[in-house]
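Each remark here refers to the structure printed beneath this line.
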Amino acid sequence: FYMLANLCSHSKRGAVWISYAVDQYRDKMNGKGFVEMTTMGMAMPMHCAGIHLCTDDPSEALICKAAMALTSAEVKAKTRIHFGSHTECQYRLTTFGIPHVALPFTTMNNDPILEDHLAWYKKCLTKCQDPAAGKSSINNHFGSNQHDVLFAGRTYSRNGNEELRSMAMRHVQKYNGGNPKQRRAIVDSMVENIKSKGGRFLKLDADGSSWVEVSMPEVREKIGQMFRNFRRPRASQQQKTSLPIPNHLPLLDETDIAPNDVLFGRKVCHDGNLRLRQMVETMASEYDASTRGRKKQLVDSLVDDIKSSNGRFLRQVEGGKWQEVLDDGVVFSKVSSHFRNYRRNIRDKQ
């Protein structure tokens with residue numbers, strides 16, 4: 001069982017796992033061993049981009065194919081079984097972008113080459129034992145826990161991540177309706193729940209070779225962002241769908257529009273829109289350099305500024321009438337798009 005160490009540090013899509021059981025490298029496997037091997041590979045705290053099983057034994061190839069029925073759909077999509085000699089298996093691996101030089105043996109006489117693998121292992125071991133790092137580091141291979149929560153910019157199908165998402169979905173209504181103190185209590189209770197099971201909150205380090213524990217303030221920020229993300233898909237869906245006109249909201253003529261009102265629409269020239277664009281231009285640099293949570297705070301402050309000056313957010317409905325938009329999610333999405341459009345216009349001019 002061998003991980004493709006040569007490509008691991010350079011691969012952006014994740015690690016590639018190879019089980020090579022050909023000729024002198026063949027170790028008899030069975031269905032149970034295959035399931036344990038793939039389960040162990042998927043349980044590692046890293047994104048697995050692919051699993052390749054190479055064998056020259058027909059019975060082993062049949063066992064592997066039969067054992068595939070016991071795995072999940074996610075594992076099946078990433079797993080390939082290669083049957084044949086050294087040359088045939090190596091050729092099939094090259095069709096998946098795995099060159100001969102990345103394999104732990106020579107092409108001609110199949111002598112083992114472990115220098116690259118050992119150098120990569122020593123690098124990870126040194127990094128874990130470095131006391132000057134100032135924070136605990138978890139090697140990619142060892143110390144994994146099924147209750148660990150991984151923050152890496154993608155969705156992980158791990159027990160810890162699933163448990164955190166499940167808890168967030170149960171508390172989302174209470175979180176949205178609570179004050180800052182109540183929201184923090186909800187987040188802290190979720191963190192304690194994960195830690196009580198031995199789970200940790202991990203993220204990749206700067207070079208992407210090891211996992212490090214996340215500080216408590218950053219954990220709170222990331223969980224808060226998870227709650228905010230639950231609202232955004234619904235807001236964007238409402239924005240793209242033609243909504244019925246609420247009967248309880250008055251319809252406004254153009255003479256009823258105030259100077260500080262912001263009109264949603266394409267190429268609208270109005271005093272309120274010009275003021276909004278000026279505010280976006282002033283805050284654009286800070287917005288682009290901020291985290292998701294800070295970006296939301298900037299957008300919320302901009303919306304509050306508009307409303308504090310007696311401004312409203314209006315959309316045009318049938319008959320040329322205008323109506324106020326009271327959905328905070330739609331307003332947030334519209335105002336956020338002004339920052340993206342401003343950045344796009346600057347890039348096009350350059």
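The values are calculated or read from the model by the stated rules, or taken from the named source; none is laboratory data. If you're wondering where the values come from, they're calculated on a predicted model, not measured in any experiment. Using ideal geometry, Cβ is built from the backbone for each residue, glycine included, and neighbour counts are taken over all protein chains shown. Note: areas computed on protein heavy atoms with side chains; ligands, DNA, RNA excluded. Shrake-Rupley method; radii C 1.70, N 1.55, O 1.52, S 1.80 Å.
Brief remarks follow.
- Residues within the range 60-71 that are of a type outside the set (A, V, I, L, M, F, W, C) and open to solvent by less than 60 Å² (accessible area, probe 1.4 Å), tallied: 2
- Checklist (1) at pLDDT 80 or above; (2) charged (D, E, K, R); (3) within 30 Å of L202 (Cα to Cα) applied to K65, failing item: (3)
- The lone criterion from (1) surrounded by 13 or more Cβ atoms within 10 Å (Cβ to Cβ); (2) at pLDDT 80 or above; (3) assigned to a loop (DSSP other than H, G, I, E, B) left unmet by G198 is number (1).
To keep it simple, each residue is scored yes or no on (1) modelled with pLDDT under 85; (2) touching a Leu at 6+ places or on another chain (Cβ under 6 Å).
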residue: N229; (1), (2): yes, no
residue: P233; (1), (2): yes, no
residue: K240; (1), (2): yes, no
residue: H248; (1), (2): yes, no
residue: D253; (1), (2): yes, no
residue: M283; (1), (2): no, yes
residue: F313; (1), (2): no, no
residue: V317; (1), (2): yes, no
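- Taken across the range 323-335, residues that are within 14 Å of D256 (Cβ to Cβ) and not basic (K, R) do occur, with at least one present.
Residue-wise test of (1) farther than 26 Å from L251 by Cα; (2) of a type in the set (F, W, Y).
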position	(1), (2)
D288	yes, no
D304	no, no
R315	no, no
Q323	no, no
V330	no, no
F339	yes, yes
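- Meets criteria (modelled with pLDDT under 80 and open to solvent by 60 Å² or more (accessible area, probe 1.4 Å)) for A289: no
- Residue list for the range 161-184, filter: free of Cβ contacts under 8 Å to residues at least 60 places away in the same chain and open to solvent by 60 Å² or more (accessible area, probe 1.4 Å): E162, R170, Q173, K174, G177, N179, P180, K181, Q182, R183, R184
- Scanning the range 306-333 for residues being closer than 15 Å to M279 by Cβ and open to solvent by 60 Å² or more (accessible area, probe 1.4 Å) gives a total of 2.
- Any hit, the range 107-114, residues being modelled with pLDDT under 70, open to solvent by less than 70 Å² (accessible area, probe 1.4 Å), not β-branched (V, I, T) and not in a strand (DSSP E or B): yes
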